[in-house]
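Undergrad: One structure, as structure tokens, below. Some questions next.
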Amino acid sequence: MSDASDGVRRTRSIVRAPQSFVAGIALVLLGMFGIWAASDLPRGTLGSMGPGMLPHWVAVGVAICGGVLALTGLVREGAGLQTFGLRGPVTVVLAILAFAVTIRPFSLGPVAGPGLGLIIAGPLAVIIGGYATPEARFRELLILALLLTAGCMMLFGDLLNLPIPIFPTVLIEAASGTIPSRVMLRLGAGALALAGLGLLAMQRRSTHRGRIDVAPHTMSI
């Protein structure tokens with residue numbers, strides 16, 4: 001009787017991996033939202049990329065990956081749905097909002113933002129989003145934020161030449177006509193990269209010293 005009931009349950013259940021299926025559907029919806037949100041931006045061509053090309057194709061890739069994941073949940077056995085906390089989603093949303101309100105100037109009624117550029121908005125979003133997990137450590141997040149932002153500055157601002165605000169508006173107005181924008185971008189990216197690598201070297205040195213300090217104690221025992 002138990003074998004028969006198990007067989008009936010398997011035939012009735014279309015979704016064999018609910019966790020993968022729900023995650024895939026969520027990614028599909030996220031990708032569709034990204035395609036809609038970037039539809040007003042000109043995509044340009046491969047030779048002359050517009051500001052909408054990267055967001056559009058990233059959203060398409062997310063939707064495709066979500067579709068594959070949802071199909072996997074229909075054909076392969078997998079984990080069921082589990083309870084989850086709100087810390088992760090809330091923190092990620094806060095990181096996205098922090099990036100949106102700091103990267104370029106905005107005004108919403110009496111509230112106005114100065115526009116801090118990618119050099120500030122990038123590390124801020126990475127650090128806030130990193131606290132979605134309770135194992136997050138500030139120094140590690142800071143290293144990741146500095147190096148990742150430096151790479152994004154060089155990729156989007158220098159190599160792809162996308163119209164993304166890199167520096168605070170006040171700094172751009174003060175340095176207008178004195179320092180070329182490409183030179184400022186490279187100097188800023190280099191400063192972030194050097195700061196990140198310096199913190200990484202300091203962290204590895206402190207970890208190495210900690211291991212050396214532990215060794216004599218273990219030997220004496």
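Undergrad: State, to one decimal in nm, how far the label point of Val68 lies from the label point of Thr207, with both points 7 Å from Cα in the Cβ direction.
TA: 3.1
Undergrad: Would you work out the relative contact order for region 86-221, in percent, from Cα pairs under 8 angstrom that are 6 or more residues apart? Walk me through the numbers on the way to the answer.
TA: Numbers: 150 pairs, mean separation 32.0, N = 136.
Normalised by residue count, the contact order of region 86-221 is 24 percent.
Undergrad: Report relative contact order for region 13-80 in percent, whole number only (criteria: Cα-Cα under 8 Å, sequence separation at least 6).
TA: On the way: 111 pairs, mean separation 36.7, N = 68.
Relative contact order comes out at 54 percent.
Undergrad: Length gain on complete extension for the stretch Leu46 to Leu199, per 0.36 nm per residue less the alpha carbon to alpha carbon distance? Walk me through the numbers before you get to the answer.
TA: Values: separation 153, 0.36 × 153 = 55.08 nm, distance 3.70 nm.
Length gained, Leu46 through Leu199: 51.4 nm.
Undergrad: Over all distinct alpha-carbon pairs, what is the Kirkwood Rh of the chain in angstrom?
TA: Numbers: mean 1/r = 0.0468 Å⁻¹.
After inverting the pairwise mean of 1/r, the radius is 21.4 Å.
Undergrad: In region 123-158, which residues have a backbone nitrogen under 11 Å from the label point lying 7 Å from Ile96's Cα in the Cα-to-Cβ direction?
TA: Under 11 Å, as judged by backbone N against the label point of Ile96, lies no residue of region 123-158.
Undergrad: Continuing with this model, one more query. With an 8 Å cut-off on Cα pairs and a minimum separation of 6 or more residues, tell me the relative contact order of region 135-212 in percent. Mind showing how you got there, number by number?
TA: Values: 40 pairs, mean separation 37.1, N = 78.
Here the relative contact order equals 48 percent.
Undergrad: Please grab the % of Cα pairs in region 22-97 that end up more than 20 Å from each other. If you can, show how the numbers build up before the last one.
TA: Working: 1377 of 2850 pairs.
Result for the distance tail: 48 percent.
Undergrad: Let me ask something additional. Full-extension gain between Arg104 and Val75, please, as 0.36 nm times their residue separation minus the C-alpha to C-alpha distance. Each step should come with its number before you reach the end.
TA: Numbers: separation 29, 0.36 × 29 = 10.44 nm, distance 4.50 nm.
Contour length minus the Cα-Cα distance gives 5.9 nm.
Undergrad: Another question about this same structure. Grab the Cα-Cα distance for Ile179 and Leu160, subtract it from 0.36 nm times how many residues apart they are, and report the gain in nm with one decimal.
TA: Numbers: separation 19, 0.36 × 19 = 6.84 nm, distance 2.04 nm.
Fully extending the segment from Ile179 to Leu160 adds 4.8 nm.
Every number in this text was worked out from the coordinates using simple rules, so none of it is lab data. Every value quoted in this text rests on a predicted model; they were computed, and no experiment measured them. Ideal geometry is used to build each Cβ from the backbone, glycine not excepted, and the neighbour counts take in all protein chains shown.
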